[in-house]
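Reading through the structure tokens given below for one structure.
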Amino acid sequence: LRTHLQSHEWAVFSFTWARQAEDLLYTYNPDIPPLWTSSYAHFIYKTGIGDLKPFQNLILGRTYSQIGLRTGWQLQAGELLYIRGGRYRAIGFVGNSSIGFGLRLDGLVKILAAYDLVDIDRPGIYSFIVDHLDLQYDYSEYTGDSYATGTNFQSLNLVVR
């Protein structure tokens with residue numbers, strides 16, 4: 001959902017969902033004798049897109065063999081608050097899940113402008129922030145049954161554009 005706020009475009013609300021499938025693109029064959037002493041001789045590279053099946057992997061979310069799936073989503077409100085989640089799954093791998101959020105300074109200024117508390121069309125600090133500067137804070141943590149459950153990540157970014 002987008003609108004115009006004074007002379008700027010403003011994303012009031014959005015939802016994004018994405019899935020990525022990956023194949024390791026090799027198979028292990030212990031029946032092939034190794035060349036000299038290299039253990040790499042047991043690996044055979046696949047051609048093309050390997051074992052990927054776009055409809056089954058990307059649309060239905062199925063994983064098998066050496067196919068790994070990353071799925072993520074983001075809910076955005078007012079360009080101020082971003083709530084995110086995601087997970088990674090693969091056969092034989094304990095999947096990771098994560099949840100997190102982000103806050104943006106330029107979104108706060110746009111919300112203040114929506115309530116006529118600041119003017120982002122007049123030259124000054126508020127128009128400078130919306131046009132050229134952003135301060136971003138992000139937080140996420142692993143959740144679920146993974147060994148990494150509770151591990152968190154934080155970042156503070158100053159963006160100059």
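The values are calculated or read from the model by the stated rules, or taken from the named source; none is laboratory data. Please read all numbers here as calculations on a predicted model, not as lab measurements. Using ideal geometry, Cβ is built from the backbone for each residue, glycine included, and neighbour counts are taken over all protein chains shown. Heads up: the accessible areas ignore ligands, DNA and RNA and are worked out on the full protein's heavy atoms, side chains in. Shrake-Rupley method; radii C 1.70, N 1.55, O 1.52, S 1.80 Å.
Residue 11 is checked against (1) more than 28 Å from the chain's Cα centre (by Cα); (2) at pLDDT 85 or above and fails just one. What number does that condition carry? Failing condition for residue 11: (1).
Residues to consider are 161, 84; find the one that is among the charged types (D, E, K, R), under 13 Å from the mean Cα position of the chain (by Cα) and open to solvent by 40 Å² or more (accessible area, probe 1.4 Å).
On the way: 161 fails: under 13 Å from the mean Cα position of the chain (by Cα).
Going through 161, 84 in turn, just one is among the charged types (D, E, K, R), under 13 Å from the mean Cα position of the chain (by Cα) and open to solvent by 40 Å² or more (accessible area, probe 1.4 Å): 84.
Looking at the stretch 123-138, which of its residues are out of contact with any helix residue (DSSP H, G or I) (no Cβ under 6 Å at 6 or more places or on another chain), surrounded by 16 or more Cβ atoms within 10 Å (Cβ to Cβ) and closer than 15 Å to residue 111 by Cα?
Our first condition is that a residue be out of contact with any helix residue (DSSP H, G or I) (no Cβ under 6 Å at 6 or more places or on another chain); within the stretch 123-138, this holds for 123-125, 127-128, 131-133, 136-138.
Keeping just the survivors that are surrounded by 16 or more Cβ atoms within 10 Å (Cβ to Cβ) gives 127, 136, 138.
Answer for the stretch 123-138, where residues must be out of contact with any helix residue (DSSP H, G or I) (no Cβ under 6 Å at 6 or more places or on another chain), surrounded by 16 or more Cβ atoms within 10 Å (Cβ to Cβ) and closer than 15 Å to residue 111 by Cα: just 127.
Could you tell me which residue of the stretch 87-132 is nearest to residue 52 (Cα to Cα), considering only residues that are aliphatic (A, V, I, L, M) and without any contact (Cβ under 8 Å) to a residue 24 or more places away in the chain? Talk me through it step by step, then tell me what you get.
Initially, the stretch 87-132 is screened for residues aliphatic (A, V, I, L, M), giving 90-91, 94, 99, 103, 105, 108-109, 111-114, 117-118, 120, 125, 129-130.
Cutting the leftovers down to without any contact (Cβ under 8 Å) to a residue 24 or more places away in the chain gives us 109, 112, 117-118, 125.
Numbers: 109: 45, 112: 47, 117: 52, 118: 51, 125: 50 Å.
This residue is 109.
Within the stretch 149-161, residues that are within 22 Å of residue 129 (Cβ to Cβ) reach partners that are assigned to a strand (DSSP E or B) and open to solvent by 70 Å² or more (accessible area, probe 1.4 Å) with beta carbons closer than 9 Å, at six or more positions or on different chains, in the pairs 156/135; 157/135; 158/135; 159/135. Residue 63 passes every criterion in (1) closer than 22 Å to residue 16 by Cβ; (2) of a type in the set (Ser, Thr, Tyr); (3) at pLDDT 85 or above apart from (3).
Every residue, every condition in (1) assigned to a loop (DSSP other than H, G, I, E, B); (2) of a type in the set (D, E, K, R), yes or no:
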{"position": "102", "(1), (2)": "no, no"}
{"position": "106", "(1), (2)": "no, yes"}
{"position": "121", "(1), (2)": "yes, yes"}
{"position": "126", "(1), (2)": "no, no"}
{"position": "138", "(1), (2)": "no, yes"}
{"position": "142", "(1), (2)": "no, no"}
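Within the stretch 106-161, the set of residues being among the aliphatic types (A, V, I, L, M) and either in contact with a Phe, Trp or Tyr (Cβ under 8 Å, 6 or more places away or on another chain) or under 18 Å from residue 83 (Cα atoms) (or both) comprises 108, 109, 111, 112, 113, 114, 118, 120, 135, 148, 156.
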